[in-house]
Amino acid sequence: MSGQSITDRITAAQHSVTGSAITKTVCKSTTHEIMGPKKKHLDYLIQCTNEMNVNIPQLADTLFERAINTSWVVVFKSLTATHHLMVYGNERFIQYLASRNTLFNLSNFLDKSGLQGYDMSTFIRRYSRYLNEKAVSYRQVAFDFTKVKRGSDGVMRTMNTEKLLKTIPIIQNQMDVLLDFNVNANELTNGVINAAFMLLFKDAIRLFAAYNEGIINLLEKYFDMKKVQCKEGLDIYKKFLTRMTRISEFLKVAEQVGIDRGDIPDLSQAPSSLLDALEQHLASLEGKKVKDSTAASRASTLSNAVSSLANTGISFTRVDEREKLAALEEEQSRLRALKEQRLLELQKNPSAATTDSTPISTVGGTIHSAPAIDLFSTPSSTNSTSKAANELLDLQPAFQQSLTPSATNTWGGFPASPTPQQPQNSQGLNVDFDSVFVFLHTLTLQDMGMTLNGQQAHKLVSNDLDSSLANLVGSNDLHWSQPGEKKLTGGNNWQPKTAPSTTWNPAAMVGLTLSQTFNPIGNGANINKTFLKSVWL
């Protein structure tokens, strides 16, 4: 089976209709294609774990639902996607997995659709068991061993004796389950299991690095421990030697499948004399007869062992730095590719480089910005004809607007959108306040039912705003006339019926007329007192 199946396309279309982008991406990353999950889908899911408004339980449950599929491809890819989010996603994801009582229940999974399904089902069962153990380990120690700080001031190096003796067995259990994946180079035959193996390989390196630092801390404290602690510590060290042999075999498989030799750390085993020294020290605490050994010989043996294990830790650190540099170079190459693609698009369509709101052009890789116009700059002294036309608050009239009543496109007797004559210097801003005030004042008077005397425009004093406003305010040529009496419904012979309990006659208000002149602009405007009295009564 190759390519997306009909079921994959229908499922993606259903989630497109419902608007669930996360569920759609999970389905696309776990299709029936025999290849690892696509990087763009995994990157989107990683970004989702970093968003605070994303429902982490819903994301995890979607992956669990895909893991109960009958196809080994879908189940294997769902496990791989979950592992990827546990390693590279936000810590909230693995915290939620650690808080669950059950995770993947695939101990009896078997795909009987073909021979390849039988083979891959074995690795699916082992892989799911490791992911469950990884979540359980996080629940027990509240941190991920593959992400802890390492070095002389790291978590495992600075741990006290009691906590150290409880933590190292947890690492051992997780390491055992990881090594139980037990895959050979000739069994890595498809992209799905290869993607899972790469994640297991990186986990094995980081997990063993933390394991190695815990053993160094244990050896440094061994000769100061109590008898019970020494016995437990000696057992831990013996198991460590066994797991070092198994991890060496695991790294050989990684080298056979094409992983760069620089990405594989060198494991340096402690001298065998160290184990003898540890056993003799425990025997001496138990009261048994042992060979006489001086403190200097024990210190020398311990120093050599710690030095060998420290070299292994340095090798793991170099691998981590190499991986970080590779990731940084990959990101930089991606940014360069995006930049080159953008430059090619701009060269093909230069007009798309600038917009009305952003006058910036990046054609040819350079940024060209249009010079801004300084509204408060002084005009050049050589331009003698402009008469300070660039100043913002210039009150000189730049045009003479004709207020002819015979204009075709008029509103209230004046042009709706008068077009002034542009001055020679178009960079400046000229404001004719006389014309603006005449226009606005006329519109206001017409809205109130007034009529403007035709000679009002001639009373404006040229180039003198204060005098023009004074003439407008002091004008007594504006009159307001009361509209005619409105007849109420019921005909001409209709007579109002007055209630017996009141003497108010509404007909008195209808017959009122305003005999006084109303001047809304001038000072001392008079209003008929009879009119006000009738309104209030």
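For the reader, a short list of remarks on this structure follows.
- Counting only protein heavy atoms and a 1.4 Å probe, the stretch 152-257 has 40 square angstrom of accessible area per residue.
- About its Cα centre, the stretch 168-239 has a charge dipole of approximately 240 debye under the convention of +1 per Lys or Arg Cβ and -1 per Asp or Glu Cβ, with nothing else charged.
- Positive end of the dipole of the stretch 207-253 (Cβ unit charges, origin at the Cα centre): among Ala209, Tyr222, Gly233, the Cα lying farthest that way belongs to Gly233.
- Under a model in which nothing but the beta-carbon of Lys, Arg (+1) and Asp, Glu (-1) is charged, the stretch 178-309 shows a dipole of about 500 debye around its Cα centre.
- Residue-wise HN-Hα couplings along the stretch 183-194, as the Karplus relation 6.51 cos²θ - 1.76 cosθ + 1.60 with θ = phi - 60° gives them from phi, are 9, 9, 5, 6, 9, 8, 9, 9, x, 5, 6, 5 Hz; Gly and Pro carry x.
- When each of Lys221/Lys252; Lys202/Lys324; Lys112/Lys134; Lys163/Lys324; Lys77/Lys239; Lys38/Lys324 is checked by Cα-Cα distance, pairs over 24 Å: Lys221/Lys252; Lys112/Lys134; Lys163/Lys324; Lys77/Lys239
- Lys226/Val141 FRET efficiency (R0 25 Å; Cβ-Cβ; nearest 0.05): 0.60
- Checking every one of the GluC sites (Glu not before Pro) in the stretch 263-343 against DSSP loop status and a limit of 16 other Cβ atoms within 10 Å picks out Glu286.
- Our coupling estimate for the stretch 68-75, obtained by passing each phi through the Karplus curve with A = 6.51, B = -1.76, C = 1.60 and θ = phi - 60°, is 9, 5, 7, 8, 5, 5, 5, 5 Hz, Gly and Pro reported as x.
- Ordered by solvent-accessible area of protein heavy atoms (1.4 Å probe), largest first, the residues Thr80, Thr242 come out as Thr242, Thr80.
- For the stretch 100-163, applying the loop criterion from DSSP together with a ceiling of 11 other beta carbons within 10 Å to the trypsin sites (Lys or Arg not before Pro) yields Lys112.
- Sparse-neighbour loop sites [trypsin sites (Lys or Arg not before Pro); the stretch 191-284; at most 16 other C-beta within 10 Å; DSSP]: Lys226
- Area of Asp263 that stays accessible when all protein chains are in place (1.4 Å probe, Å², to 10): 50 Å²
- Here the Karplus relation 6.51 cos²θ - 1.76 cosθ + 1.60, evaluated at θ = phi - 60°, turns the backbone of the stretch 92-104 into coupling constants of 4, 5, 5, 5, 5, 4, 5, 7, 7, 6, 10, 10, 8 Hz, with x for every Gly and Pro.
- Cα gyration tensor, the stretch 31-108 - rounded (a/c under 1.5), prolate or oblate: oblate
- For Lys252 and Thr189, the FRET efficiency from 1/(1 + (r/R0)^6), where r spans their Cβ atoms and R0 equals 30 Å, is about 0.95.
- With all protein chains modelled, accessible area of Arg334 [1.4 Å, Å²]: 90 Å²
- Residue-level accessible surface for Ile22, protein heavy atoms, 1.4 Å, Å²: 40 Å²
The values are calculated or read from the model by the stated rules, or taken from the named source; none is laboratory data. Small disclaimer: the values here were computed from a predicted structure and weren't measured. We place every Cβ from the backbone using ideal geometry, glycine too, and count neighbours over all the protein chains shown. Heads up: the accessible areas ignore ligands, DNA and RNA and are worked out on the full protein's heavy atoms, side chains in. Shrake-Rupley method; radii C 1.70, N 1.55, O 1.52, S 1.80 Å.
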